[in-house]
1. With all protein chains present, how much of the accessible area of region 19-104 (probe radius 1.4 Å) comes from carbon and sulfur, to the nearest whole percent?
2. If you take every residue apart from ILE97 with its C-beta less than 9 Å away from the C-beta of ILE97, what net charge results, scoring Lys and Arg +1 and Asp and Glu -1?
3. Give, in nm to one decimal, the length gained when the segment between SER108 and ARG23 is fully stretched (0.36 nm per residue of separation minus the Cα-Cα distance).
4. Counting other Cβ atoms within 10 Å of each Cβ, which trypsin sites (Lys or Arg not before Pro) in region 6-71 have at most 16 and sit in a DSSP loop?
5. Per residue, how much accessible surface does the chain expose to a 1.4 Å probe? Answer in Å², no decimals.
6. So what's the net charge close to VAL114: Lys and Arg +1, Asp and Glu -1, counting the other residues with Cβ under 15 Å from its Cβ?
7. Lys and Arg at +1, Asp and Glu at -1: add these up for the other residues within a Cβ distance under 12 Å of PHE78 and post the number.
8. Would you work out the relative contact order for the chain, in percent, from Cα pairs under 8 angstrom that are 6 or more residues apart?
Amino acid sequence: TLQGLPDRRLDRLFHVQRIRLGRYTGGVDTDGRPGHDAVKVYLDPIDQHGSVIKAAGDVTIDLFDLPAGGVRLGSFTFGAGELADAWRSTPFGDRFIFTCPLGDARPSGSEVTVRVTFTEYLTGHTFTAQAVAPLQ
């Protein structure tokens, strides 16, 4: 159960206001064979000041093949303990990076739709972001 924080106290804490998917979200080759066999997802939690922050929470990533009628290619859940391992410092900034294997599910085209749901532990608020990611 979350402890209720008055708005004036919460405004003084850095907390997530929205999330966005990084522009490098897309297909990746993890098995050394031709073709992308996974989707790498770059997730940026954004605070009330517009900065990317490291925030505790739960993440669910769903991959869809919309041209094939919205077929779900996979669903992946990451808890707070896994988020600590997913935080990376890159030349393009700090963010969470997740690799989601496609397994036997293959999209009908050269892209997948990625939908991320992030539930922040501090406030209990849920945020979503969705984008089309290239596989080539």
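The values are calculated or read from the model by the stated rules, or taken from the named source; none is laboratory data. Quick caveat: nothing in here was measured; it's all calculated off a predicted structure. We place every Cβ from the backbone using ideal geometry, glycine too, and count neighbours over all the protein chains shown. Note: areas computed on protein heavy atoms with side chains; ligands, DNA, RNA excluded. Shrake-Rupley method; radii C 1.70, N 1.55, O 1.52, S 1.80 Å.
1. Whole-percent figure for carbon plus sulfur exposure: 49.
2. So the surrounding residues net to +3.
3. Between SER108 and ARG23, full extension yields an extra 28.4 nm.
4. Answer in residue order: ARG12, ARG23, LYS54.
5. 57 Å²
6. That works out to +2.
7. Working: positive: none; negative: ASP58, GLU82, ASP85.
The answer is -3.
8. Numbers: 282 pairs, mean separation 37.9, N = 136.
28 percent.
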